[in-house]
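The values are calculated or read from the model by the stated rules, or taken from the named source; none is laboratory data. It should be emphasised that the depicted structure is a prediction, and the values quoted were computed from it without experimental measurement. Glycine gets a Cβ as well: all are built from the backbone with ideal geometry, and neighbour counts include every protein chain shown.
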Amino acid sequence: MLREKLKTKGDYEKLLQKEINHIVRLIDIGWGCIATGALTGKFNGGHYLSVASNPTIRFHLENIWNQSEHSNMWKSGDTLRYQDGIVNLYGKEYLECLNSLKSIPPIKLSIDTIKEKISIARGIVKWLKLQDRKFNKEERIELRKRFNEDLGIYTE
């Protein structure tokens, strides 16, 4: 209980980010790195638009894709190949859609709201684990949109 009281808003945001990234990895299971196509190694939830430059969309599921740790961490996000990966799978129009995420107005989440979103995200993770399958490319987009709505971070 005391440990819980010592957590900061940033601590809760990190917990939510961890759950969001887990959702992404489960949606993208069986697919390679969005930037390199690599199928082996450690994977992260790689943000197309970086958290540092776009903190508002850090939890937006359409901004996060399965990405190899090497590409994400050591290649600074591997932006050009990331873009190519999106275009090759979904076309230039979808890349333009991702670029439009920059215009989402800033969000302000309270600690209580973040805790609620963590709980919702954990429920999504449980559901995805029960599915235990590879989703096709259309389903990957549909699930991202659906879970963005379920989380309600960008619709409130």
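Worth a mention:
- Residue, surrounded by the most Cβ atoms within 10 Å (Cβ to Cβ), within the stretch 27-67, restricted to residues that are under 22 Å from Lys129 (Cα atoms) and over 14 Å from the mean Cα position of the chain (by Cα): Trp31
- Residue count for the stretch 22-40, restricted to those that are closer than 14 Å to Gly123 by Cα and not β-branched (Val, Ile, Thr): 2
- A count restricted to the stretch 34-50 and to residues that are at pLDDT below 95, touching a helix residue (DSSP H, G or I) at 6+ places or on another chain (Cβ under 8 Å) and of a type in the set (A, V, I, L, M, F, W, C) stands at 4.
- Criterion violated by Ala121 - all others in (1) surrounded by fewer than 19 Cβ atoms within 10 Å (Cβ to Cβ); (2) under 15 Å from the mean Cα position of the chain (by Cα) satisfied: (1)
- Residues that are touching a Phe, Trp or Tyr at 6+ places or on another chain (Cβ under 8 Å) and within 21 Å of Pro106 (Cα to Cα), drawn from the stretch 27-54: Gly46, Tyr48
- Filter result (crowded, with 18+ Cβ neighbours inside 10 Å and either closer than 18 Å to Thr79 by Cα or not charged (D, E, K, R) (or both)) within the stretch 15-26: Leu16, Gln17, Ile20, Asn21, Ile23, Val24, Leu26
- Number of the exception - Trp74 against (1) within 22 Å of Ile153 (Cβ to Cβ); (2) at pLDDT below 95; (3) aromatic (Phe, Trp, Tyr): (1)
- Under the condition of being of a type in the set (A, V, I, L, M, F, W, C) and surrounded by 19 or more Cβ atoms within 10 Å (Cβ to Cβ), the residues counted in the stretch 68-85 number 0.
- Residue check, Leu109 surrounded by fewer than 19 Cβ atoms within 10 Å (Cβ to Cβ) and free of Cβ contacts under 8 Å to residues at least 40 places away in the same chain: no
- Any chance Lys145 is under 13 Å from the mean Cα position of the chain (by Cα) and surrounded by fewer than 18 Cβ atoms within 10 Å (Cβ to Cβ): yes
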